[in-house]
Amino acid sequence: MRFAILLLVYAHIFILANPSFTKASESFPLDLDFVKGEIKKFSFHKNPTLIKNLLVLTEDKIKLDLMKKEHDFILVNFWATWCAPCIDEMPSLDKLQSLFDTENLKIITIATGRNSQKKITEFFNKNMLFNLENFIDPRGNLAIQLGILGLPGSILISPDGHELARLIGPINWVEPNVVKFFKNLTQ
């Protein structure tokens, strides 16, 4: 039964991730001269796709659309409390956020799937993750909608709401080339 559910979820992800189902925009030019080191693991889009909404739940189970917040760039990181690579990369993600004003680059973490709020809170407290906002996607609906095929999964969103790039898998978020890329991006 569990296998059938996973198969159904991944079938939906495959369909939603297919580029022919997306609307493209070339409204934001991206300077790829700064794509070096770990940042090369990102897949950059030639035709960025518009993200209409990012519907999540807060810790208090309040629905929120993260696209309604004002930020220049948003880096959304999907993770889970049971995902070892997610757990390993989270401190460097927190450190990256500490290097930027949240009005220029806002890093948002979304615990997707089955994650108890207690475990999420314990994890954030134990690892002293004070720079990241965390939201939940309890049924994985947002991850499916965005075609996140694995965890951790990250998407970079431009000020005009277009997905510029995505990454499936962990990276060192404070590797010098990653920091340089985001510094260049937010200037």
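A few notes on this one:
- Taking the stretch 60-106 as the range and being in contact with a strand residue (DSSP E or B) (Cβ under 9 Å, 6 or more places away or on another chain), over 22 Å from residue 176 (Cβ atoms), aliphatic (A, V, I, L, M) and open to solvent by 30 Å² or more (accessible area, probe 1.4 Å) as the test, the residues that pass are 64, 67, 87.
- Here residue 163 meets each of (1) free of Cβ contacts under 8 Å to residues at least 12 places away in the same chain; (2) among the charged types (D, E, K, R); (3) touching a Ser or Thr at 6+ places or on another chain (Cβ under 6 Å) with one exception, condition (1).
- Taken over the stretch 158-180, the criterion of being among the hydrophobic types (A, V, I, L, M, F, W, C) and under 12 Å from the mean Cα position of the chain (by Cα) is satisfied by 164, 165, 167, 168.
- Odd one out for residue 128 among (1) at positive phi; (2) open to solvent by 60 Å² or more (accessible area, probe 1.4 Å); (3) touching a residue at least 40 places away in the same chain (Cβ under 8 Å): (3)
- When the stretch 107-116 is limited to residues that are part of a loop (DSSP other than H, G, I, E, B) and crowded, with 16+ Cβ neighbours inside 10 Å, the one that is nearest to the chain's Cα centre (by Cα) turns out to be 113.
- Residue within the stretch 132-139 that is open to solvent by 60 Å² or more (accessible area, probe 1.4 Å), more than 16 Å from residue 79 (Cβ to Cβ) and assigned to a loop (DSSP other than H, G, I, E, B) present: no
- Tally, over the stretch 40-59, of residues that are open to solvent by less than 30 Å² (accessible area, probe 1.4 Å) and within 14 Å of the chain's Cα centre (by Cα): 4
The values are calculated or read from the model by the stated rules, or taken from the named source; none is laboratory data. The structure presented is a predicted model; accordingly, all values stated were derived computationally and were not measured. Positions of Cβ are generated from backbone atoms using ideal geometry, with glycine treated the same way; all protein chains shown enter the neighbour counts. Side chains are part of the model used for accessible areas, which takes the heavy atoms of the whole protein and leaves out ligands, DNA and RNA. Shrake-Rupley method; radii C 1.70, N 1.55, O 1.52, S 1.80 Å.
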